[in-house]
Amino acid sequence: MKSKLLTLAFVAAVALASAATAQVSVKADLVSWGEDIPGLTLKSAGKGEPVTALAFRYSKPVRYSGPEVMEIHQDPATAAKATEGSQNTAAIPPELAELRKKDPTLVALAKVPAGSTRVTVLIAPLSAGTYQTYVIDDDPTKLPLGQLRILNYSPVKIAMRCNGKAVKEMGTKDSFVVPPQEDGQVIYELAYDNQGKWKMQENNLLAVNPKEQVQLIVLKSNADFFTNSDGGRSGFLQKVVLRRPAEEAAAP
């Protein structure tokens with residue numbers, strides 16, 4: 001019995017070591033969950049050209065080759081200012097806190113899904129000059145051109161009916177892909193769980209270009225990005241549509 005336990009422990013240790021050293025090669029889009037975040041770099045055979053993570057929209061993609069746990073760096077003073085006043089109550093990941101003792105320019109970690117060639121990294125201010133990341137696997141096998149992926153990144157359960165089909169209930173971080181109608185549109189109805197009762201937010205439609213990767217992200221945010229000219233907001237939940245042309249969806 002003791003021998004068997006030792007064998008299992010050895011196998012587990014080897015698996016963990018292998019995961020820690022696994023190498024990936026991807027194109028990554030850094031997208032800010034809040035205000036624009038300037039001066040971000042990825043540790044990939046040395047830190048590359050700084051990029052700005054734009055608020056809820058794509059900018060210039062970054063090529064990354066290195067460990068599957070991607071390191072994101074930023075000037076500590078800039079990071080401290082960007083995260084000042086953040087209401088995000090999530091804890092700083094212990095592995096990030098430990099690595100920052102040696103390198104305070106390290107502000108976030110993001111794990112790349114195994115086998116993926118294309119990712120979106122959502123970056124949200126956390127605290128003390130650090131950020132929380134959400135990695136979305138945009139590999140063409142997961143997000144085909146000409147179809148719409150819907151993701152729930154809100155803190156509540158939502159329900160979506162697309163093109164008159166059956167309703168899909170979605171917990172936080174759930175997603176599904178829906179093909180458009182023949183006219184290239186997806187007609188959707190969005191409701192959310194309001195203390196155990198469904199509340200309808202909207203009926204709408206979205207054009208899906210056959211030469212684009214398109215995704216609709218449902219979230220909850222107080223960012224200025226969602227405030228209109230008179231200071232109002234469109235609803236309890238907010239929505240972001242991200243579009244990537246076919247040439248940008250290709251593998252690095």
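Tabulated data
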item	result
Residues within region 83-100 that are closer than 23 Å to P155 by Cα and open to solvent by less than 60 Å² (accessible area, probe 1.4 Å), tallied	6
Pick from region 136-155, criterion surrounded by 17 or more Cβ atoms within 10 Å (Cβ to Cβ) and within 24 Å of A91 (Cβ to Cβ), ranking: nearest to the chain's Cα centre (by Cα)	I136
Selection status of L219, within 27 Å of N88 (Cβ to Cβ) and touching a strand residue (DSSP E or B) at 6+ places or on another chain (Cβ under 8 Å)	yes
Number of positions in region 60-77 that are open to solvent by 60 Å² or more (accessible area, probe 1.4 Å) and touching a Phe, Trp or Tyr at 6+ places or on another chain (Cβ under 9 Å)	0
Scope region 166-210; condition open to solvent by 80 Å² or more (accessible area, probe 1.4 Å), under 21 Å from Q147 (Cα atoms) and either under 22 Å from the mean Cα position of the chain (by Cα) or at pLDDT below 95 (or both); matching residues	K168, E169, K173
Verdict on R63 being in a loop (DSSP other than H, G, I, E, B) and modelled with pLDDT of 65 or more	no
Residue match in region 125-132 (condition: within 15 Å of the chain's Cα centre (by Cα) and under 15 Å from D174 (Cβ atoms))	no
Residue match in region 120-134 (condition: free of Cβ contacts under 8 Å to residues at least 60 places away in the same chain, open to solvent by less than 40 Å² (accessible area, probe 1.4 Å) and assigned to a strand (DSSP E or B))	no
Selected residue (criterion: farthest from D36 (Cα to Cα)) from residues of region 101-119 that are open to solvent by 10 Å² or more (accessible area, probe 1.4 Å) and assigned to a strand (DSSP E or B)	K111
Long-range neighbours under 8 Å by Cβ, at least six apart or interchain, first residue over 17 Å from G34 (Cα atoms) within region 64-93, second part of a loop (DSSP other than H, G, I, E, B) and among the β-branched types (V, I, T)	Y64/V112; E68/V112; V69/V112; M70/V112; H73/T105; D75/T105; P76/T105; I92/T130
Condition check for V26: open to solvent by 20 Å² or more (accessible area, probe 1.4 Å), under 24 Å from E248 (Cα atoms) and of a type in the set (A, V, I, L, M)	no
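The values are calculated or read from the model by the stated rules, or taken from the named source; none is laboratory data. Since the structure is predicted, the reported quantities are computational estimates derived from the model, not experimental observations. Neighbour counts run over all protein chains shown; Cβ positions are idealised from the backbone, glycine included. Side chains are part of the model used for accessible areas, which takes the heavy atoms of the whole protein and leaves out ligands, DNA and RNA. Shrake-Rupley method; radii C 1.70, N 1.55, O 1.52, S 1.80 Å.
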